[in-house]
Structure formats: structure tokens, C-alpha cells
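Encoded as C-alpha cells, the structure appears first; notes follow it.
The values are calculated or read from the model by the stated rules, or taken from the named source; none is laboratory data. If you're wondering where the values come from, they're calculated on a predicted model, not measured in any experiment. All Cβ positions, even for glycine, are placed from backbone atoms using ideal geometry, and neighbour counts span all protein chains on display. The protein model used for the area step is the full one, side chains on, heavy atoms only, and it has no ligands, DNA or RNA in it. Shrake-Rupley method; radii C 1.70, N 1.55, O 1.52, S 1.80 Å.
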Amino acid sequence: MSKADLSKRTRPCVTGKAHKSKTQSTGYGWTSDNWSGYAISGKKGAFRRISGEWIVPFVKPTSSPTYSSAWIGIDGFKNSSLIQTGTGHESINGVVRYYAWWEILPAAETVIPLPVSPGDRMRASIVKLDGTKWRITLCNLSKQWTFRTIQRYTGPQTSAEWIMEAPQVGASIGKLAKVTPTKFFCCRVNGKSPMLTPADGGVMVQNNITAAVPTCPNAGGDAFIVKRVYRKGKPLAHSRNPIFVRA
């Protein structure tokens, strides 16, 4: 594992007022330097269980390092705590790598030593058992393996999310990898559909350029796709498959 890998970790959602106009023009609820997807908020202790599925995206090799992670988690949106599990997809020196991981901030990610390939169907859940004891489960339904771990977590449980991320590498946020559209589905929180709306969605903006945008949720409010964007532009408001107006 490279030195960069050893210092790689998820970062809470980094939002700011600088891209407020992009949020207003799209109909989504928030913008971020490192997250795109859907996040919901509640009072302290609101979220005790989250689950979801996604398809591991393909990554295009790049000469400079690029990174991406798809995951589910509790906390990290409007707070600095986070418990999560997911898959990583990156290109380092033109070599593409796929892997599974779990993480509890402020620690760096722990790699799960089981195989992951693009196109694999993943299923994950994070469940509070009692007190500070939580169970993290990640399944690769395509390769038929399941990983479980029980960990201590003391976060406020005030948000739940399904996210495509450009993770932090060293001291800065990495450049988002060139990934194919990533489908999230069967999203559940506290055992029920989160009934997601566009207002729960977030757009990733890196270097003042839109990098990733989620589609509007399906009719059941439990599925969506995060699409990588390669040119500067803004999506039309509430488009189920955003159309980009070239700048």
C-alpha cells in the first residue's frame, strides 16, 4: 500500500457559501467540495440503522492520481463524526484499483481484504446494537462474500447518507476519479425508505467546476444515480437525468 493510501480517509461533508448559486439553480439542497449524493438530517439520536446497495463503477485510468468512494454512513453531514462502509475506486499512476473498506472518524479507513471489481453489486448496513456498540456489514453479492465487524461509536446520530465521495488524501481532498454513473438503490434508514427528495441531494463542486450530480430520486424515494460531470455547466432544475448547459 502506498504512503498516500495510508493517509487516505473520508472527510465530513465540506460545504460553503461560495457555490450557493449552483444549489439554487439546480433545485438540490446543498453543494460540497467532496460529497455528492443524498443526506438527511434529524435530531440527536434520530438514526440507529442505515442500509443500501450500489453498483461498483468503472474507473478510467488517469496519469495523475484520482480517487472516489461509494458508501453509506451515519453522521458527517453538519457534524464532524462519521461511521461508514463502502468501496474505493481510484487510479494511481495509470493503475486502477478497487477495494472495500470501513471507517470511523477520526481514524483512517480500514481496508477489507476481499475482492471487489467494477460492476459488482454491493449491499451494506450499519446498525446500532446497544449503547456505543455498532455492527458494520458489507456484502459483495456478485462475489458472494460478507464482512462484519462490531465497533464502538459515540457520534450524535443526526444524519444519514448515501454518497459518492472524493476522499481526503494526506491534507487535501483528492481529485474525483473519472467514474461511470454510480447507481444507489434499496436505500433504507431505521428500516424504512428515507423518501428522498431533490432537496436532500447534493452537488460536488471542485475548483469551481461541477464534478458530480445526483439524479432525482425514484418514485419510492429510495434510489438514484450519481453522475460524474466533465465540463463546466449547470444542470437543469429537478431533471431526472440532468442536462448540462455548456458554459
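Where the accessible area of region 55-168 is counted over protein heavy atoms with a 1.4 Å probe, how much of it, in %, is carbon and sulfur? Whole-percent figure for carbon plus sulfur exposure: 52. Net charge in the neighbourhood of Thr149 (other residues with Cβ under 12 Å of its Cβ; Lys, Arg +1, Asp, Glu -1) is +3.
Accessible surface for Lys175 stands near 110 Å², nearest 10, in the context of the full protein assembly shown (1.4 Å probe).
In terms of accessible area, using a 1.4 Å probe and ignoring ligands and nucleic acids, Tyr230, Tyr153 rank largest first as Tyr230, Tyr153. In the context of the full set of protein chains, region 33-192 has a per residue accessible area of 39 Å² (1.4 Å probe). Taking label positions 7 Å along the Cα-Cβ direction at both Leu141 and Val127, the computed distance is 1.7 nm, reported to one decimal.
Protein-only accessible surface at a 1.4 angstrom probe places the residues Arg135, Arg148 in the order Arg148, Arg135, largest first.
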